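One structure is given here, and the rest of the page talks about it.
The values are calculated or read from the model by the stated rules, or taken from the named source; none is laboratory data. Everything numeric in this text was worked out from a predicted model, so none of it was measured. Neighbour counts run over all protein chains shown; Cβ positions are idealised from the backbone, glycine included.
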Amino acid sequence: MAGQKTVLVVGGGISGITAAVEAAEAGCKVILVERLPYLGGRVAQLNKYFPKLCPPTCGLEINFRRIRRNPDITVYTLAEVERIAGKPGAYTASIKISPRYVEDHTATSKCVEDCPVEIPNDFNYGMDKTKAVSLPYEMAYPMNLVANGDALNKVKDTPGFKSFVESCTKKGIRIDLEAKAETIDVEVDSVVWATGWRPYDATKLEKLGFGTCANVITNVMMERLAAANGPTRGEIVRPSDGKKVNNLAFVQCAGSRDRNHLPYCSSICCLASLKQATYLRDYNPEAQAQIFYIDLRAHGRFEFFFDRVTKDDKIILTKGKIVNVTEDPVTKDVILEGEDILSGQKIRRTFDMAVLATGMQPNTSVEKIPGPGVTYDDFGFVVSATGIHGAGVTKRPMDVGTCLQDATGAALKALQDTVGR
Ligand SMILES: Cc1cc2nc3c(=O)[nH]c(=O)nc-3n(C[C@H](O)[C@H](O)[C@H](O)COP(=O)(O)OP(=O)(O)OC[C@H]3O[C@@H](n4cnc5c(N)ncnc54)[C@H](O)[C@@H]3O)c2cc1C
């Protein structure tokens with residue numbers, strides 16, 4: 001199309017995907033750059049979405065179809081933007097694309113089972129292992145295998161690995177550890193930056209037992225534990241001994257609204273814990289969940305979700321600040337201590353397992369945008385930019401529905417960048 005604008009979208013989570021399809025369907029060319037081998041971001045790792053409690057793959061699949069059908073969208077996975085120069089309407093961006101080390105001409109993952117090397121499974125937050133040649137997850141887009149070059153290079157001269165490579169070749173799958181990264185330069189009119197968030201590092205919460213108590217996990221890990229394609233195939237069991245969880249605690253604001261950690265509220269953690277309490281109750285009708293909170297926040301229409309979930313009398317809400325988490329050295333039960341804010345009494349209670357509701361930290365707090373004219377707030381969220389527009393959790397903590405609206409707005413802003421060429 002003559003005069004067709006090009007928009008670079010960085011980050012292939014729900015916000016980046018939305019900005020990409022909205023801009024492309026409005027007539028732009030779009031280059032979508034994602035660091036991981038698949039699109040979907042953190043949403044792909046959720047078990048269900050609040051408030052409807054449907055699987056996130058539903059929402060993602062519709063968008064993958066929109067991408068697949070649109071010739072104006074080019075997707076680069078395993079890719080990162082190294083540099084952006086120029087001005088609104090006339091940017092040049094350098095994109096580094098790392099190799100997948102595997103070409104699968106059969107669209108099958110059959111070689112994976114024979115792979116002799118296992119690595120920690122990042123998709124499941126390290127709670128299990130995966131093969132060093134694998135499909136990132138069942139619904140991955142693109143539906144392509146990826147190999148971990150570092151892990152495979154360590155064994156490349158062993159007979160076991162050589163025979164694995166041969167068996168792959170016979171199945172139409174080519175492993176190529178010599179493949180190199182390449183860098184391309186692209187000219188674009190505007191940029192949408194949607195690199196999202198990382199879970200706040202729970203090991204920094206020294207008193208809350210993560211890493212020292214076997215049965216203390218984080219809320220993102222709980223999503224994977226409850227998922228049918230997770231490390232336990234959806235069995236909500238304790239990491240220490242595989243025992244079915246009967247008595248689960250949620251510690252809200254773990255590191256959030258705390259000037260030593262994340263001073264702000266991530267806005268979704270209360271809803272996420274309420275949702276995760278329903279995972280437990282559905283899995284084990286005998287089980288009980290107790291949520292320790294400072295303030296329970298369910299804004300807007302989420303109030304109805306809150307009302308629905310809290311009708312269950314086995315989901316107990318306690319306004320209490322948990323300050324210490326330890327474990328029984330023999331049973332590995334988790335012991336929570338703190339204060340019941342309403343009664344003023346001390347809390348000391350024992351649970352099978354505890355989930356720390358950690359907040360969302362913007363990736364831009366650690367990795368700044370390598371381009372001109374971007375400003376950040378005190379926490380690293382993108383505040384404003386001309387020509388480089390933030391979208392989704394890059395700007396502030398948001399639920400998925402709000403990300404969709406925000407990313408659509410960012411696409412519109414990108415369309416309006418007319419200065420330049
Ligand atoms: C425990 C928990 C449960 C939740 N449950 C729900 C729920 O049920 N319902 C709901 O509405 N919301 C939920 N949320 C919130 C939801 O996860 C976010 O709203 C959503 O992930 C935001 O999407 P995003 O695209 O902005 O960011 P992300 O999902 O973080 O996506 C960002 C993408 O950018 C990529 N990226 C990062 N850096 C780079 C780079 N430099 N270059 C290229 N790519 C990069 C990442 O790999 C990722 O794919 C939950 C959050 C938590 C913590």
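Table for the structure above
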item: Boolean, V383 is more than 26 Å from K87 (Cβ to Cβ) and either touching a residue at least 60 places away in the same chain (Cβ under 8 Å) or of a type outside the set (D, E, K, R) (or both); result: no
item: Matching residues in region 7-28 - criterion: being surrounded by fewer than 19 Cβ atoms within 10 Å (Cβ to Cβ) and outside any loop (DSSP other than H, G, I, E, B); result: E25
item: Enumeration of residues in region 258-267 that are part of a loop (DSSP other than H, G, I, E, B) and surrounded by fewer than 24 Cβ atoms within 10 Å (Cβ to Cβ); result: D258, R259, N260, H261, P263, Y264, C265, S267
item: Single condition G255 does not satisfy, out of (1) away from the ligand (no atom under 16 Å from the Cβ); (2) closer than 28 Å to E206 by Cα; result: (1)
item: Count - residues of region 336-394 that are hydroxyl-bearing (S, T, Y) and surrounded by fewer than 16 Cβ atoms within 10 Å (Cβ to Cβ); result: 5
item: Residue within region 342-349 that is in contact (Cβ under 8 Å) with a residue 24 or more places away in the chain, outside any loop (DSSP other than H, G, I, E, B), more than 13 Å from F292 (Cβ to Cβ) and of a type outside the set (F, W, Y) present; result: no
item: Residues located in region 131-150, provided they are touching a Lys or Arg at 6+ places or on another chain (Cβ under 7 Å) and not in a loop (DSSP other than H, G, I, E, B); result: V146, A147
item: Condition check for P71: more than 16 Å from the ligand (Cβ to nearest atom) and either within 30 Å of C269 (Cβ to Cβ) or touching a residue at least 40 places away in the same chain (Cβ under 8 Å) (or both); result: no
item: Filtered residues of region 294-314 (kept if within 26 Å of the chain's Cα centre (by Cα) and under 18 Å from P51 (Cβ atoms)); result: L296, R297, A298, H299, G300, R301, F302, E303, F304, F305, F306, V309
item: Contacts under 6 angstrom Cβ, first residue in region 396-417 being closer than 21 Å to Y49 by Cβ and of a type in the set (D, E, K, R), partner modelled with pLDDT of 95 or more and not in a helix (DSSP H, G or I), 6 or more apart; result: R396/F381; D399/I268; D406/A391
